[in-house]
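The values are calculated or read from the model by the stated rules, or taken from the named source; none is laboratory data. Remember, predicted model here, so these are calculated numbers, not experimental data. All Cβ positions, glycine included, derive from the backbone under ideal geometry; neighbour counts span all protein chains shown.
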Amino acid sequence: MYDKNLHRRRSVRLSGYDYSYPGLYFVTICTQDKKCIFGRIENGEMMLNSFGHKAADCWNDIPNHFLNVVLHEYIIMPNHLHGIIEITGEFIGVVGAGDSLSKNVGANDYLPLQSVKLKHGTSKTIGSMIRGFKIGVAKQVGKPVWQRNYYEHIIRDGADYEKITNYIMANPQTWDSDKLYRKQLDEFNKQFE
């Protein structure tokens, strides 16, 4: 007999929280099996390979798909990405027929002809942004890249934001002590360049 609870994974999301709500969110997304496919650390600096550049392009493209998003600090590491996403609460610009921004109008991204407050269900949540990003990178790379889930943290104040920003920017210098660190082999990394 099938037990529907047997295969249910515990959610790491904050219960009852609306992840389309305006605010700052810190996310960490890891590669499948934590493989170092985006490049390597040399002298405390991240050296992106071609897959790393594709991941950066997809990350920087997020605001083109979610008009209410501003990207803050981020770093692509050999086997993960850390980044801060801000949901502003209002769409930038007016979306309507014939506008250059109307590419997001449709069944899943329908917007009225004026600027509107955010509140569009799950299609404008952090989860949908991360899902779209993961799909984009996998298509660019041509094979599965990411593990199933991601880590998120709601940034609550300026001190929290500063601490996380410093962590993101210092991540390459602290790679050897990072809990996501994996011994890098040049031969392994070269297969992805």
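Miscellaneous remarks
- Given (1) modelled with pLDDT of 95 or more; (2) of a type in the set (Ser, Thr, Tyr); (3) in contact with a Leu (Cβ under 7 Å, 6 or more places away or on another chain), index of the condition Ser20 fails: (1)
- Selection from region 37-58 of residues that are among the polar types (S, T, N, Q) and over 19 Å from the mean Cα position of the chain (by Cα): Asn43
- Flag for Ala55 being at pLDDT below 90 and either surrounded by fewer than 16 Cβ atoms within 10 Å (Cβ to Cβ) or farther than 21 Å from Ile155 by Cα (or both): no
- Screening the candidates Thr165, Thr174 for the property of being at pLDDT 95 or above and either surrounded by 13 or more Cβ atoms within 10 Å (Cβ to Cβ) or out of contact with any Gly (no Cβ under 7 Å at 6 or more places or on another chain) (or both) yields one hit, Thr165.
- Filter result for Ile37 (modelled with pLDDT of 90 or more, in a loop (DSSP other than H, G, I, E, B) and in contact with a strand residue (DSSP E or B) (Cβ under 7 Å, 6 or more places away or on another chain)): yes
Here's the yes/no breakdown for (1) aromatic (Phe, Trp, Tyr); (2) in contact with a His (Cβ under 9 Å, 6 or more places away or on another chain); (3) part of a loop (DSSP other than H, G, I, E, B):
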site	(1), (2), (3)
Met46	no, no, no
Phe51	yes, no, no
Ala55	no, no, no
Pro63	no, no, no
Leu71	no, no, no
Tyr74	yes, yes, no
Pro78	no, no, yes
Leu81	no, no, no
Glu86	no, yes, no
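- Residue selected from region 134-175 under the condition β-branched (Val, Ile, Thr), touching a residue at least 40 places away in the same chain (Cβ under 8 Å) and part of a helix (DSSP H, G or I), by the criterion nearest to Asn49 (Cα to Cα): Val141
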